[in-house]
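The values are calculated or read from the model by the stated rules, or taken from the named source; none is laboratory data. Every value quoted in this text rests on a predicted model; they were computed, and no experiment measured them. Cβ atoms come from the backbone with ideal geometry, glycine included; neighbour counts cover every protein chain shown. Side chains included, ligands, DNA and RNA excluded: accessible areas come from the protein's heavy atoms. Shrake-Rupley method; radii C 1.70, N 1.55, O 1.52, S 1.80 Å.
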Amino acid sequence: MKDYEIVIGLEAHVQLLTQSKVFCGCSTKFGLAPNSSTCPVCLGLPGALPVLNEKAFLHAIKTALALKCRIQDIIKFDRKNYYYPDLPKNFQISQYDKPLAYNGYLEIEHNNAKKKIRITRVHLEEDAGKLMHDPGKGLSYIDFNRTGIPLLEIVSEPDMRSPDEGSAYLQDLKSILQYLKVSDCNMEEGSLRCDANISVRPKGEGSLGVKAELKNMNSFKAVRDALSYEAERQVELLRKGESVVQETRLWNERKGITELMRTKEETHDYRYFPEPDLVPLTVDKKEIEKIKRSLPELPQAKKKRFTALYGLGKYDAGVLTRDMEISNFFEETIKLFDKPKKIANWLSGDIASILNERKTTIGETRFKPAHLAELLELIRAEEISGKIAKEILPEIFRLGISPKEIVRSKGLKQIKDAGELTSVIDDVLRENKKSIDDYKKGKKNALIFLVGQVMRKTKGRANPKIVNEILKKRLDDGG
Amino acid sequence: MPNKKTIDEKTVKHVARLSRINLSKEEVSLYQRQLADILGYINKLNELDTKDTLPTSHPLGNLKNVFRKDTVKKSLSAEDVLKNAPARKDDFFKVPKIIE
Ligand SMILES: [Zn+2]
């Protein structure tokens with residue numbers, strides 16, 4: 001593997017966030033009853049005429065500009081002709097020789113190095129229907145609800161050199177799309193899909209190797225795993241003196257391998273021609289400038305600002321800004337509790353785990369910035385320990401009530417009163433004579449053990465600092 | 001005068017296959033001539049000097065930027081949609097399997 005270089009280009013299909021389809025008024029809602037969201041336009045019934053959804057177009061232009069692309073002077077649509085049961089019109093409205101935008105780039109940061117991944121083209125098209133196969137009966141079933149949902153195809157140049165770079169590119173692309181609010185990028189629901197072109201070549205070789213096209217990767221992990229597997233497969237072929245065949249391969253998640261997709265004997269011949277039912281589009285320079293100015297702060301700029309303004313490390317800033325909701329939550333919390341690093345730790349630690357576990361986003365939960373600020377304030381004021389804070393966190397998420405309230409109702413307030421602690425300490429010393437001896441023999445660990453025992457007896461409520469002080473004094477005095 | 005030129009058999013069969021049309025032997029030779037006629041006629045356009053003419057991607061050259069607002073309209077009922085289906089299963093269109 002070390003003697004070879006991997007070359008990767010990615011093609012992302014992004015479902016744009018609209019209420020209605022790209023050329024008709026049918027709903028884009030996910031999970032509707034089969035074939036309940038179609039009309040003469042998206043079914044391609046004779047005489048029906050498509051009209052472009054303005055929102056989908058604006059989303060596309062915004063994305064193109066955020067990816068530093070040039071917008072085409074005259075934008076037009078084309079028909080891509082092919083026969084497949086998921087395509088009721090027998091052609092897909094897409095863009096061929098004049099994509100909406102071209103020549104852009106996305107700067108990724110990987111292993112602390114910045115790298116520009118060039119974007120070849122960005123174009124708008126319609127999605128196809130959904131097929132379900134019943135191989136046992138030799139039948140397929142079709143739901144056309146997805147037909148005509150707006151898709152943005154974003155094609156990169158083969159600029160990535162490792163599966164990790166590929167995954168970093170996709171992650172950054174997803175962040176940008178979410179910041180722009182043009183897609184929810186839900187890979188499981190298929191609103192972000194990704195195909196890859198991958199080839200390998202001996203290090204130092206100038207020309208590209210024969211590439212394979214990979215499909216069916218439905219998560220970031222799948223993308224990374226599929227690319228790693230395929231790179232190794234190709235290197236192995238070359239090592240054995242065999243050659244890579246240009247073909248389309250499917251990622252088999254269960255087996256963890258890529259498999260040859262049945263090739264059609266006839267190569268694709270899409271016979272593109274201009275879509276006569278849609279008129280051309282132009283966006284004048286002024287309008288482009290206006291949209292550019294309206295773009296929100298994007299992840300990279302925000303990351304930079306977070307390091308400069310809040311003194312966060314690159315890693316923390318990166319984790320926080322990858323997700324727009326999290327970055328907003330962070331800034332809202334800062335307004336109430338001015339300790340950026342503490343907030344960052346909680347957001348990327350315990351809070352991230354809870355969100356992961358529940359497969360949800362922070363905006364969808366009942367946990368609010370005021371809750372986190374209050375929780376951190378309770379710790380700072382030594383009202384509760386960090387451990388108790390972690391313990392009540394899931395409850396705040398679940399109930400959406402204030403941490404103070406939970407601490408009060410459950411009696412979790414830290415015990416700082418020396419008198420109250422003394423009786424517990426007495427018990428612990430009585431029960432652990434051996435540790436006292438150990439301590440006196442110079443085993444300092446015995447003290448830590450005794451503090452632990454007090455913490456246990458008070459269910460974590462004792463203030464460990466005060467316990468430590470009292471215990472030390474008692475042991476030292478006693479000796 | 002009809003153009004005597006023909007298109008080769010392979011090309012006609014390829015085009016027919018792309019359009020999912022079955023052609024008889026006679027039809028293939030008929031279309032070899034007829035398609036050549038059409039292409040010959042189209043080629044005539046190439047004789048025109050279009051140096052100063054912008055490509056026409058649409059016949060309504062002056063009509064641009066026609067949009068609809070992003071609002072949901074009523075769709076057809078699945079029942080109506082499936083009236084056109086040669087075969088159905090529940091509310092799905094049913095077709096012969098298309099992958100292995
Ligand atoms: Zn429709």
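Contact annotation: residue pairs with Cβ atoms under 8 Å, 6 or more positions apart or on different chains, pairing a residue in the range B:61-79 that is at the interface with chain A (Cβ under 7 Å from one of its Cβ atoms) with a partner that is surrounded by fewer than 14 Cβ atoms within 10 Å (Cβ to Cβ), are B:K64/A:T282; B:N65/A:T282; B:A78/A:A33.
Note on the range A:381-430: residues that are touching a helix residue (DSSP H, G or I) at 6+ places or on another chain (Cβ under 7 Å), of a type in the set (K, R) and part of a helix (DSSP H, G or I) total 2. Within the range A:431-444, residues that are without any contact (Cβ under 8 Å) to a residue 24 or more places away in the chain sit with their Cβ atoms under 9 Å from residues that are open to solvent by 80 Å² or more (accessible area, probe 1.4 Å) and of a type in the set (F, W, Y), at 6+ positions apart or across chains, in these pairs: A:N432/A:F449; A:S435/A:F449; A:D438/A:F449. In this structure, B:S24 does not qualify as open to solvent by less than 90 Å² (accessible area, probe 1.4 Å) and within 11 Å of chain A (Cβ to nearest Cβ). Every condition in (1) in contact (Cβ under 8 Å) with a residue 24 or more places away in the chain; (2) surrounded by fewer than 18 Cβ atoms within 10 Å (Cβ to Cβ); (3) under 15 Å from A:D323 (Cα atoms) is met by A:I362 except one, and the failing one is (2).
Exactly one residue out of A:E297, A:E332 is open to solvent by 30 Å² or more (accessible area, probe 1.4 Å), closer than 23 Å to A:C185 by Cβ, part of a loop (DSSP other than H, G, I, E, B) and away from chain B (no Cβ under 14 Å): that is A:E297.
Here's the yes/no breakdown for (1) under 30 Å from A:P40 (Cβ atoms); (2) open to solvent by less than 60 Å² (accessible area, probe 1.4 Å); (3) of a type in the set (A, V, I, L, M, F, W, C):
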| site | (1), (2), (3) |
| --- | --- |
| B:I7 | no, yes, yes |
| B:L45 | no, no, yes |
| B:L60 | yes, no, yes |
| B:D70 | yes, yes, no |
| B:S75 | yes, yes, no |
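Residues of the range A:145-161 that are away from the ligand (no atom under 16 Å from the Cβ), touching a Lys or Arg at 6+ places or on another chain (Cβ under 7 Å) and either modelled with pLDDT under 95 or open to solvent by 30 Å² or more (accessible area, probe 1.4 Å) (or both): A:E157 alone. It is to be established whether one or more residues within the range A:78-101 are assigned to a loop (DSSP other than H, G, I, E, B), over 25 Å from the mean Cα position of the chain (by Cα) and within 13 Å of the ligand (Cβ to nearest atom). For the range A:78-101, residues assigned to a loop (DSSP other than H, G, I, E, B), over 25 Å from the mean Cα position of the chain (by Cα) and within 13 Å of the ligand (Cβ to nearest atom): present. Test A:R79 against the stated conditions and say whether it is closer than 27 Å to A:E54 by Cβ, modelled with pLDDT of 95 or more and of a type in the set (K, R). Considered against the rule, which asks whether it is closer than 27 Å to A:E54 by Cβ, modelled with pLDDT of 95 or more and of a type in the set (K, R), A:R79 comes out as yes. Considering only residues in the range A:300-329 that are in contact with a Ser or Thr (Cβ under 7 Å, 6 or more places away or on another chain) and of a type in the set (V, I, T), the one that is most open to solvent (accessible area, probe 1.4 Å) turns out to be A:V319.
Restricting to the range A:10-57, give me the number of residues that are at the interface with chain B (Cβ under 9 Å from one of its Cβ atoms) and β-branched (V, I, T). Of the residues in that region, 4 qualify. Just need a number here: residues in the range A:111-162 that are more than 9 Å from chain B (Cβ to nearest Cβ), under 28 Å from A:A56 (Cα atoms) and of a type in the set (G, A, S). Residues that pass the stated criteria total 3. In the range A:8-58, the residue that is farthest from the ligand (Cβ to nearest atom) out of those that are without any contact (Cβ under 8 Å) to a residue 40 or more places away in the chain and among the polar types (S, T, N, Q) is A:Q19.
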